[in-house]
Amino acid sequence: MGQHQTRRPAALVVTGGKDAGAHHGLAGAVNRIGRRPGSEILLDDVSVSRSHAVVVRNGRRVLLRDTGSLNGTFVNRKRVDESVLEPGDEIQVGTYKLVYSPSPAS
């Protein structure tokens, strides 16, 4: 059955912290990350700000932007205000670790 697969959007996959293994699709142009109900990527832990960060898709480019979080947003262990995401980048938001997985090509 492997040849006919449904195309999945780019995603952030939780690799560490609560909810390890969870898959958060980046279907919209803007995906909010935080504890606030209604966030596209809801991370329910006190180490995560209510409005922590945002992922913005612009064509093939995917940008991660911190939105004034208390504990900061990290990409590959470096604190960032803004970063263009590359496949396999590790993002840390509070106690959560997530890996950026682009949409499969085909």
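Numbers below:
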read-out: Subset of region 6-50 (residues that are closer than 17 Å to Thr95 by Cα, surrounded by fewer than 16 Cβ atoms within 10 Å (Cβ to Cβ) and not hydrophobic (A, V, I, L, M, F, W, C)); value: Thr15, Gly16, Lys18, Asp19, Gly21, His23, Arg36, Asp44, Asp45, Arg50
read-out: Matching residues, region 72-100, being touching a Pro at 6+ places or on another chain (Cβ under 7 Å) and either at positive phi or in a strand (DSSP E or B) (or both); value: Tyr100
read-out: Enumeration of residues in region 66-79 that are touching a residue at least 12 places away in the same chain (Cβ under 8 Å) and within 16 Å of Arg35 (Cα to Cα); value: Asp66, Thr67, Gly68, Ser69, Leu70, Asn71, Thr73
read-out: Top-ranked residue of region 59-85 - restricted to ones that are out of contact with any strand residue (DSSP E or B) (no Cβ under 7 Å at 6 or more places or on another chain) and either closer than 19 Å to Ala29 by Cβ or hydroxyl-bearing (Ser, Thr, Tyr) (or both), ranked as surrounded by the most Cβ atoms within 10 Å (Cβ to Cβ); value: Arg60
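Quick note: the coordinates plus some simple rules give every number you see, no bench work behind them. Everything numeric in this text was worked out from a predicted model, so none of it was measured. Neighbour counts are summed over all protein chains in view; Cβ atoms, including those assigned to glycine, are modelled from backbone coordinates with ideal geometry.
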